[in-house]
Amino acid sequence: MYRVRSPAPELSHEWRRWIAENLILGTHPASLIPLLLQNGIAERDAVTEVELALRSPYIEGAGRLKNRLAKRDWVLEIQSKLNRLSAPRIARRQRLSGEEFLADYYSANRPVIITGMMDDWPALQKWTPDYFRANYAGREVEVQFGRDADQDYELNSIAHKRKMPFGAYVDLVQNSGSSNDFYMTANNDSLNRQALTELWADIGQLPEYLAREAQPRGFFWFGPAGTVTPFHHDLTNNFMAQVFGRKRVRIIPACEVAKVYNQRHCFSLLDGRAIDLARFPDAAGAQVLECVLEPGEILFLPVGCWHFVEALDISATIAFINFHWDNDFYSNYPSKHEF
């Protein structure tokens, strides 16, 4: 009696793609053969497939595209090295003029904290959780809920929307201690702008930097200590105006995109609370700037820069994007979001 050997499996589409990706990334062709053999691929088939891939004009074309991307990475790395010539800090500028802001920060894609420009805002004197409850408790608002159960809560923000009375939400914020499970964010803006419309009368217009409009614009963020917005980048330039409470912000310049493990859309795999360099070794070479944003301060977040935000206290923040200067960087954003 003898045993009939099963035929070796044919190469699947996935294995052919694996061969192509490794060759494009520069893996030596001979090193691919042993792994194919270990997975049951006949040696003749394995060698033939690798040789065919090496002669493929499609692989050659993809390799040239990889070279072009490497050239772009080289240009970005120049800026990354130049950034390290100055101290890794975010400047604080008292009542920065519009002209200086444009020349030194907006056009240079450089973050800055601006102080003294919110001093006349009624919100700085009026806004507290107790004030919100006393005046707007019955308004129906929208909140992000169930964030703790979903590690991709920002990416899946639509699934976390919940409506509730504003007073009940304020109670949660005040009684929860530190929590990231619920947060009122810019993703809830369409409903909350109408529900809390009177609050906008307490917000200044910042005419030095922002275009004046008939209706005040901005995005309202309100939540407990412990809320976390993970590392991501915006598709526009952005102001963060801190009304009450403090937030810790970590910023990685846009030119460090190759080191932040951007796997999908505008999100990074890095945990801003403690970057795991064993899992993400390239991040060790990225410049990380850090600040604590205090009440009455405005942080400029340049378009494309990666930022992580953690509330140190119960906090309220207003974000703005209606700058005087060109802020359309989303029209030519890649339509495919898998990176």
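The values are calculated or read from the model by the stated rules, or taken from the named source; none is laboratory data. Just so it is clear, the structure is predicted and the values come from calculations on it, not from any experiment. Neighbour counts are summed over all protein chains in view; Cβ atoms, including those assigned to glycine, are modelled from backbone coordinates with ideal geometry. All accessible areas refer to the heavy atoms of the entire protein, side chains included, with ligands and DNA or RNA removed. Shrake-Rupley method; radii C 1.70, N 1.55, O 1.52, S 1.80 Å.
Simple spin-label estimate for L312 and A211 gives 3.5 nm between the two label positions (7 Å along the Cα-to-Cβ direction from each Cα).
How about the stretch 66-127: which trypsin sites (Lys or Arg not before Pro) there lie in a loop by DSSP and see at most 13 other Cβ atoms within 10 Å?
R84, R89, R95
For the stretch 281-326, the calculated P(r) over all alpha carbon pairs, in 10 Å bins from 0 to the bin holding the longest distance, is 16, 48, 27, 9 percent.
Largest to smallest in accessible area, the residues I298, I33 fall in the order I33, I298 (1.4 Å probe, all protein chains included).
Using 5 Å bins from zero, what percent of all Cα-Cα pairs in the stretch 86-190 falls into each bin? Distribution as computed: 2, 10, 14, 14, 12, 13, 16, 14, 5, 0, 0 percent. The angle separating the long axis of helix 57-83 from the principal Cα axis of greatest extent in the chain is about 40 degrees. Build a GNM of the chain with springs between Cα atoms under 10 Å apart, and of R139, R17, R248 the one that fluctuates most is R17. On the chain, 52 percent of the accessible area sits on carbon and sulfur atoms, based on a 1.4 Å probe.
Please tell me which of these pairs span more than 23 angstrom C-alpha to C-alpha: K81/K336; K71/K336; K126/K161; K161/K259; K126/K247?
Working: K81/K336 29 Å; K71/K336 21 Å; K126/K161 28 Å; K161/K259 32 Å; K126/K247 19 Å.
Correct reply: K81/K336; K126/K161; K161/K259.
When the chain is treated as a Gaussian network with alpha carbon springs shorter than 10 Å, the biggest mean-square fluctuation among L206, L155, L11 belongs to L11. The 1.4 Å probe gives accessible areas that order H28, H324, largest first, as H28, H324.
A 1.4 Å probe, protein heavy atoms only, puts the accessible area of Y330 near 130 Å².
Just to verify a number: FRET efficiency for D189 and F329, C-beta to C-beta distance, R0 = 30 Å, to 0.05? Present the calculation step by step, with values, prior to reporting the outcome.
Values: r = 19 Å, r/R0 = 0.65.
Between D189 and F329 the formula returns 0.95.
On alpha-carbon atoms, Rg over Rh for the stretch 237-339 using Kirkwood Rh? Provide the component values of the computation, followed by the final result.
Numbers: Rg = 14.8 Å, Rh = 15.0 Å.
Radius of gyration over Kirkwood radius for the stretch 237-339 works out to 0.99.
From the helices alone, meaning DSSP H stretches of at least four residues, give me the mean residue ellipticity at 222 nm for the chain, per-run term -39500 (n - 2.57), in deg cm²/dmol to the nearest 500. All intermediate terms of the calculation are to be shown ahead of the outcome.
Values: 9 runs with 93 residues, N = 339.
Mean residue ellipticity at 222 nm (helix-derived): -8000 deg cm²/dmol.
The alpha-carbon atoms of the stretch 203-245 define a convex hull whose volume equals 104 cubic angstrom per residue. Fully extending the segment from H265 to E338 would add 25.6 nm, taking 0.36 nm per residue of separation and subtracting the current Cα-Cα distance.
Sort W127, W221 by heavy-atom solvent-accessible area, probe 1.4 angstrom, most to least. Please list the in-between numbers first.
Numbers: W127 10, W221 50 Å².
From most accessible down to least: W221, W127.
Ligands, DNA and RNA excluded, the heavy atoms of S56 present near 20 Å² of accessible surface to a 1.4 Å solvent probe. Take the Cα of D130, step 7 Å toward its Cβ, do the same at A274, and the gap between the two points is 3.7 nm. In the full protein context, the chain carries 54 Å² of accessible surface per residue, based on a 1.4 Å probe and ignoring ligands, DNA and RNA. Please determine, in degrees from 0 to 90 and to the nearest 10, the orientation of helix 166-175 with respect to the longest principal axis defined by the Cα atoms of the chain, where the helix direction is its Cα long axis. It is inclined by approximately 80 degrees.
Against the set [x] 31, 26, 18; [y] 38, 23, 18; [z] 48, 26, 17, the structure's computed semi-axes √(5λ) of the Cα gyration tensor in Å falls on [z].
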